[in-house]
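Chemist: If you scroll down you'll find the structure; I have some questions about it.
The values are calculated or read from the model by the stated rules, or taken from the named source; none is laboratory data. Here the structure is a predicted model, which means the values were calculated and not measured. Because the Cβ atoms are built from the backbone with ideal geometry, glycine has one as well, and the counts that use them run over all protein chains shown.
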């Protein structure tokens, strides 16, 4: 028996399709079609779209319906600037709360990132980069910062592959991640925050340069 999709399931499903690019920027989202595809009533779709609008992922306009919101390059830079502040705090907390096992996991992730650089697999590098930042967020256990980051990351996700493709950026990016892990491993809160903020400021500078 097929499980009935709840309102929250529907919201999460649509959100993921926007984040992973299945629904592309400016694509129109038609309530009736979505309701048919997901086998839910239109009221559930309408509520889910309202939540996505609050997240900044869709835009609803009178007479034009609902579209996946287009995030501009300028806004993507602003998102990175906000991430710099939030992830700096998260890195500081991670430096306090990281266990020896957490450090080993982060070092293992760095190893995977290094292999991606060696094989010039930058798409995979970007995917593992997301895993890296997610792990630090998990270690930090800072619920408020994590919740804010979830929305910011969703809005800026389509730009994450562009910066790593910039000339000279991959090796610099890896070195920045190494510095973050080193500071966390040393339980140095200030160094961890500085290393994270420096890393994300360089990502923002790269995006400014290539757009």
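So that you can scan it fast, the table gives a plain yes or no per residue for (1) exposed (fewer than 13 other Cβ atoms within 10 Å of the Cβ); (2) modelled with pLDDT of 95 or more:
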residue	(1), (2)
61	yes, no
79	no, no
87	no, yes
96	no, yes
112	no, yes
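Chemist: I want to confirm something. Restricting to region 63-77 and keeping residues that are surrounded by 15 or more Cβ atoms within 10 Å (Cβ to Cβ) and more than 15 Å from the chain's Cα centre (by Cα), which single residue is farthest from residue 26 (Cα to Cα)?
Modeler: 66
Chemist: Which residues, counting only those in region 118-130, are assigned to a helix (DSSP H, G or I) and either at pLDDT 95 or above or over 21 Å from the mean Cα position of the chain (by Cα) (or both)?
Modeler: The initial filter retains those residues of region 118-130 that are assigned to a helix (DSSP H, G or I), namely 118, 122-130.
Correct list: 118 only.
Chemist: Quick check on region 117-127. Is at least one of its residues in contact (Cβ under 8 Å) with a residue 24 or more places away in the chain and either closer than 15 Å to residue 86 by Cα or outside the structural domain of residue 92 (by TED's automatic domain parsing) (or both)?
Modeler: No, there is no match, as no residue in region 117-127 is in contact (Cβ under 8 Å) with a residue 24 or more places away in the chain and either closer than 15 Å to residue 86 by Cα or outside the structural domain of residue 92 (by TED's automatic domain parsing) (or both).
Chemist: Report, by residue number, each residue of region 137-156 that is without any contact (Cβ under 8 Å) to a residue 60 or more places away in the chain and buried (at least 17 other Cβ atoms within 10 Å of the Cβ). If you could, list the steps in order and put the result at the bottom.
Modeler: The first filter runs over region 137-156 and keeps only residues without any contact (Cβ under 8 Å) to a residue 60 or more places away in the chain, leaving 137-147, 150.
Correct list: 137, 139, 140, 142, 145.
Chemist: Can I ask one more? Where in region 154-211 are there helices (runs of 4 or more DSSP H), lying wholly inside it, with at least 3 residues that are closer than 21 Å to residue 140 by Cβ? Break it down into steps so the answer makes sense when it comes.
Modeler: Details: elements: 160-164, 169-185, 189-210.
Hits in region 154-211: 169-185, 189-210.
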